[in-house]
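Here's the structure, in structure tokens; my notes come after.
The values are calculated or read from the model by the stated rules, or taken from the named source; none is laboratory data. Just so it is clear, the model here is predicted, and its values are computed rather than measured. Cβ sites come from the backbone with ideal geometry, for glycine too, and all protein chains shown count toward neighbours. Please note that ligands, DNA and RNA were not included when accessible areas were found on the heavy atoms of the full protein model with its side chains. Shrake-Rupley method; radii C 1.70, N 1.55, O 1.52, S 1.80 Å.
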Amino acid sequence: MNIRLYVLQRATAAIMAPLVLAHIVIIFYATSRGLSAAEILGRTKGSIGWGLFYGLFVLAAATHGAIGLRAIASEWTPLRGHALDALMWGFGVALAALGLRAVSAVVL
Amino acid sequence: MADMIEVLLWRGKEDGRYQTFQVPQRENQTVLDVVSWVQRNADPTLSYRFACRVGVCGSCAMTVNGRPRWTCRTHTSRVVENGRLKIGPLANLPVIKDLAADLQPFFEKWQQAKGVFAPSKTRADPVETISPASAPRIAADAAIECINCAVCFAACDTVRWNEDYLGPAALNRAWTLVNDVRDAGNRERLAAVAADGGCHACHSHQSCQEHCPNKLNPTASIAGLKRRTMQAYIRGEL
């Protein structure tokens, strides 16, 4: 891992720390109140706030996870150089696409 | 004290095997004494490396009962288990023969980490006064007593997993020079240790400081490099 990836991974971790806590609180809130899927969607549809919250969460998680996967692959597989970067980008873009698709489904 | 120690010594290269010898146990006997006894009394073809025998030169490190150690300052009374000593070459390095590991990769990484002093003055300049109480000198002094024995390199999980990793000793050396105010090579040095395989590959397992015979803490030095490179990166110097 080089300094650029190191800084990016620490920065995304710092972004995710409060988001994870808020996400857990939201899960407890939704389940303890017994909110139905329709009620949840009623609150999230068209909400810029929820879109930004989970959009940021998805991008931070995709970046953080992809860099972490690159570090693991560099130690546990023979992959080196461009192959490692291709794995990181492929995984990160796929994760971001899947996550943003899910966010768009509950917000748009 | 038992009369004899059962000593298993690695013979050959990577594809070698352990050979068993019976060695008389003595008081104040070191692991290096045991190896030397075998070479002088049982098998003169045994290959191993040592020089000073007093813990200064860093030549005699081997794997003793699974742990990398400096053999000249390790008493058998501390490490014999059930009357047995299993001694092999250092891990994470190619084996030349028997107990002699090839330290070339270790020293090449020392060079890659820019572990060489880069002078900022000529011999015509006056000698710079360095206060031993200054913060950079205190940081450098804490890490300076490395004897290049490669025990930390052999103990490090990241070295085993990542062939590009510079390793604890080279990074510890880089940290001493980063804190040497007379040195002029820090831009290149910080770039070298901030690249792939540099200080950011360290997982802080702390095996280096656990095994260092001189009680140094390369993990702390590497953490210092992580901080220093981060500052340089944010300032746009990397």
(request) Look through B:Asp157, B:Asp98 and report the one residue that is charged (D, E, K, R), in contact (Cβ under 8 Å) with a residue 40 or more places away in the chain, more than 21 Å from B:Val34 (Cα to Cα) and touching a Ser or Thr at 6+ places or on another chain (Cβ under 7 Å). (result) B:Asp157
(request) Starting from residues that are within 14 Å of chain A (Cβ to nearest Cβ) and not in a loop (DSSP other than H, G, I, E, B), keep the ones in region B:141-173 and report whichever is farthest from the chain's Cα centre (by Cα). (result) B:Trp161
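Can you report the number of residues in region A:53-72 which are within 11 Å of chain B (Cβ to nearest Cβ) and open to solvent by less than 40 Å² (accessible area, probe 1.4 Å)?
First, pick out the residues of region A:53-72 that are within 11 Å of chain B (Cβ to nearest Cβ): A:67, A:70-72.
Applying the additional criterion that residues be open to solvent by less than 40 Å² (accessible area, probe 1.4 Å) yields A:67, A:70-71.
The qualifying residues number 3.
Among strands (runs of 3 or more DSSP E) lying entirely in region B:33-101, which contain 3 or more residues that are among the aliphatic types (A, V, I, L, M) and assigned by TED's automatic domain parsing to the domain that holds B:Phe21?
On the way: elements: B:61-64, B:67-70, B:84-88, B:95-97.
Strands (runs of 3 or more DSSP E) meeting the threshold: B:61-64.
Take region A:1-33 and flag every residue that is part of a helix (DSSP H, G or I), within 14 Å of chain B (Cβ to nearest Cβ) and of a type in the set (S, T, N, Q). So that I can check it myself, show each step before the final result.
Here is the first cut: in region A:1-33, the ones part of a helix (DSSP H, G or I) are A:3-32.
Now narrow it down to the ones that are within 14 Å of chain B (Cβ to nearest Cβ): A:3-11, A:13-14.
Matches in region A:1-33: A:Gln9 only.
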(request) Say whether the condition of being more than 12 Å from chain A (Cβ to nearest Cβ), in contact with an Asp or Glu (Cβ under 9 Å, 6 or more places away or on another chain) and surrounded by fewer than 18 Cβ atoms within 10 Å (Cβ to Cβ) is met by at least one residue in region B:218-234. (result) no
(message) If a residue must be open to solvent by less than 20 Å² (accessible area, probe 1.4 Å) and under 20 Å from B:Ala100 (Cβ atoms), how many such residues does region B:22-36 contain?
(response) 7
(request) Six or more apart or on different chains, Cβ under 7 Å: which pairs go from a residue in region B:136-150 that's without any contact (Cβ under 8 Å) to a residue 60 or more places away in the chain to one that's in a loop (DSSP other than H, G, I, E, B) and among the hydrophobic types (A, V, I, L, M, F, W, C)? Could you list them? (result) B:Pro136/B:Val181; B:Arg137/B:Ile130
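Could you please let me know if A:Trp50 is away from chain B (no Cβ under 14 Å) and over 13 Å from the mean Cα position of the chain (by Cα)? Before the answer, list the steps.
Details: away from chain B (no Cβ under 14 Å): yes; over 13 Å from the mean Cα position of the chain (by Cα): yes.
So A:Trp50 passes the test.
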(request) Answer with yes or no whether B:Leu171 is of a type outside the set (Ser, Thr, Tyr), in contact (Cβ under 8 Å) with a residue 24 or more places away in the chain and surrounded by 24 or more Cβ atoms within 10 Å (Cβ to Cβ). (result) yes
(message) Six or more apart or on different chains, Cβ atoms under 6 Å: show the pairs whose first residue is in region A:14-28 and touching a residue at least 24 places away in the same chain (Cβ under 8 Å) and on the phi < 0 side of the Ramachandran plot and whose second is assigned to a helix (DSSP H, G or I) and surrounded by 10 or more Cβ atoms within 10 Å (Cβ to Cβ).
(response) A:Ile15/A:Ala60; A:Met16/A:Ala60; A:Leu19/A:Phe57
(request) Return the residue satisfying two criteria in turn: it lies in region A:77-107 and is assigned to a helix (DSSP H, G or I), within 14 Å of chain B (Cβ to nearest Cβ) and out of contact with any helix residue (DSSP H, G or I) (no Cβ under 7 Å at 6 or more places or on another chain), and of such residues it is most open to solvent (accessible area, probe 1.4 Å). (result) A:His82
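Among the listed residues B:Glu163, B:Glu145, identify the single one that is at pLDDT below 95, open to solvent by 20 Å² or more (accessible area, probe 1.4 Å) and not polar (S, T, N, Q).
On the way: B:Glu145 fails: at pLDDT below 95.
Matching residue, one of B:Glu163, B:Glu145: B:Glu163.
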(request) Could you grab me the full set of residues in region B:192-208 that are in contact (Cβ under 8 Å) with a residue 24 or more places away in the chain and either open to solvent by 50 Å² or more (accessible area, probe 1.4 Å) or touching a His at 6+ places or on another chain (Cβ under 9 Å) (or both)? (result) B:Val193, B:Ala194, B:Asp196, B:His203, B:His205
(request) Considering only region B:74-95, state which residues are touching a Ser or Thr at 6+ places or on another chain (Cβ under 7 Å) and either open to solvent by 20 Å² or more (accessible area, probe 1.4 Å) or within 30 Å of B:Asp196 (Cβ to Cβ) (or both). (result) B:His75, B:Pro89, B:Leu90, B:Ala91
